[in-house]
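Written out below as structure tokens is the structure these notes cover.
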Amino acid sequence: MTDHRIPAAVIATMCLSVASSAAAPIGSTVWPADGQAAFVRSGHSRIHAGPNQHPAPIASIAKVMTAYLVLRDHPLRVGQDGPTITLTDADVIDTDRRRRQQESVVSVVAGERLTERQALQALLLPSANNIAAVLARWDAGSASRFVARMNAAARSLGMTRTRYTDPSGYDDATVSTAADQVRIVVQAMRLPVFARIVSTPSATLPVVGIVHNTNTLLGRNGFVGVKTGSDDAAGGCFAFRAVRWIDGRRTMITGVVLGQPGADRIAAGLAAADALVARIAGGGGGRPARPPRNGLTRLRSPARAG
């Protein structure tokens with residue numbers, strides 16, 4: 001039987017404290033005018049949180065937790081494909097239902113075989129809600145059991161204002177704060193396979209063919225990942241990592257923006273993150289740096305930094 005408890009070593013690495021904009025030396029002009037945002041810089045344990053932090057719908061940002069749990073329970077090394085998941089008639093019916101609801105899906109057929117890596121690519125690049133459901137059932141036996149694991153992981157990571165109700169984020173009752181989501185983004189980016197997938201612009205799947213990453217900032221202005229999200233309730237959302245030179249040092253900025261308004265919500269989330277990173281880096285010259293392989297870094301926690 002798989003042990004689904006969060007290892008103590010993992011918990012220790014997540015000793016990130018949250019500082020409000022009033023307490024942290026971050027000017028009020030850094031933050032987006034709408035919604036909420038938060039970020040942490042490499043070499044620091046403090047999450048800088050902007051104003052208006054409150055539980056709000058996060059749309060497909062929820063898939064970061066879904067991918068993290070799948071990889072925690074079924075670890076992969078870079079280059080590994082992992083176990084095979086065979087799709088069923090029920091998965092096809094579920095996909096058709098979601099498509100009628102105008103959810104984000106990838107086409108599937110009964111009998112299609114996806115490797116774990118391919119399923120994660122479908123989840124994280126084109127943001128397929130149907131594959132989120134497939135992975136949840138594959139990992140935990142049912143969506144409800146998987147959601148319980150999502151919430152248990154959130155509690156273990158100190159995400160005190162987060163509640164997951166589904167593995168894709170389509171349900172508006174899945175809510176969190178930008179500061180809480182920074183915690184899971186940092187943790188997921190410690191996994192080399194996760195970091196590799198979210199840093200790629202496209203992938204090829206057996207039936208649907210080539211799928212593209214909704215994060216069109218990849219490779220621009222130092223951005224190396226992570227995940228977009230958008231719907232009517234959530235607005236434009238983006239969990240991101242960017243690599244910039246600040247005060248002469250190559251610096252990772254890992255952050256989240258939620259609730260960005262605009263006719264093109266994905267574009268609004270991307271634009272808000274791009275502007276936020278530019279403002280954070282602006283005081284130090286802030287030019288984009290060559291990212292490390294796969295966007296990986298180690299964020300120092302109090303336990304490590306002393």
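The values are calculated or read from the model by the stated rules, or taken from the named source; none is laboratory data. Keep in mind it's a predicted model, so treat the numbers as computed, not measured. Counting neighbours? That spans all protein chains shown, and the Cβs are built from the backbone with ideal geometry, glycine included.
Here the range 244-266 is the region considered, the condition is being surrounded by fewer than 19 Cβ atoms within 10 Å (Cβ to Cβ) and in contact with a Gly (Cβ under 7 Å, 6 or more places away or on another chain), and the residue that is farthest from residue 177 (Cα to Cα) is 247. Considering the conditions (1) in a loop (DSSP other than H, G, I, E, B); (2) surrounded by 15 or more Cβ atoms within 10 Å (Cβ to Cβ), residue 91 is excluded by exactly one of them, (1). Applying a threshold of 7 Å to beta carbon distances and a minimum spacing of six or more residues, or different chains, the list of pairs starting in the range 45-66 at a residue that is farther than 15 Å from residue 226 by Cβ and ending at one that is assigned to a helix (DSSP H, G or I) reads 45/302; 45/305; 47/179; 47/182; 49/178; 49/179; 53/178; 53/179. Is there any pair linking a residue in the range 167-182 that is buried (at least 24 other Cβ atoms within 10 Å of the Cβ) to one that is modelled with pLDDT under 95, with Cβ under 7 Å and at least six apart or on different chains, and which? Correct list of pairs: 179/18. Contact map, the range 240-269: first residue in contact (Cβ under 8 Å) with a residue 60 or more places away in the chain, second residue of a type in the set (S, T, N, Q) and in a strand (DSSP E or B), Cβ cut-off under 9 Å, separation 6 or more or different chains; pairs are 256/36; 256/176; 257/36; 258/36; 258/176; 259/36; 260/230.
When the residues of the range 95-109 are filtered to those that are in contact with a Ser or Thr (Cβ under 9 Å, 6 or more places away or on another chain) and not hydroxyl-bearing (Ser, Thr, Tyr), which remaining residue is surrounded by the fewest Cβ atoms within 10 Å (Cβ to Cβ)?
Among those residues, the one meeting the criterion is 99.
Only one of the numbered conditions (1) basic (Lys, Arg); (2) assigned to a helix (DSSP H, G or I); (3) surrounded by fewer than 19 Cβ atoms within 10 Å (Cβ to Cβ) is violated by residue 161, and that is (2). Of the set (1) within 22 Å of residue 196 (Cα to Cα); (2) part of a helix (DSSP H, G or I); (3) of a type outside the set (A, V, I, L, M), all apply to residue 127 but (2). Go through the range 141-153 and report how many residues are within 21 Å of residue 89 (Cβ to Cβ) and of a type in the set (A, V, I, L, M). Counting residues in the range 141-153 that are within 21 Å of residue 89 (Cβ to Cβ) and of a type in the set (A, V, I, L, M) gives 1. The residue that is nearest to residue 16 (Cα to Cα), counting only those in the range 164-191 that are of a type in the set (A, V, I, L, M, F, W, C) and assigned to a loop (DSSP other than H, G, I, E, B), is 191.
Of all residues in the range 113-158, those satisfying the criterion of being surrounded by 23 or more Cβ atoms within 10 Å (Cβ to Cβ), under 18 Å from residue 58 (Cα atoms) and polar (S, T, N, Q) are 127, 129, 130.
Is it the case that some residue within the range 199-208 is free of Cβ contacts under 8 Å to residues at least 12 places away in the same chain, more than 13 Å from the chain's Cα centre (by Cα) and not in a strand (DSSP E or B)? No, that holds for no residue.
When the range 209-252 is limited to residues that are of a type in the set (Phe, Trp, Tyr) and under 21 Å from residue 193 (Cα atoms), the one that is farthest from the chain's Cα centre (by Cα) turns out to be 223.
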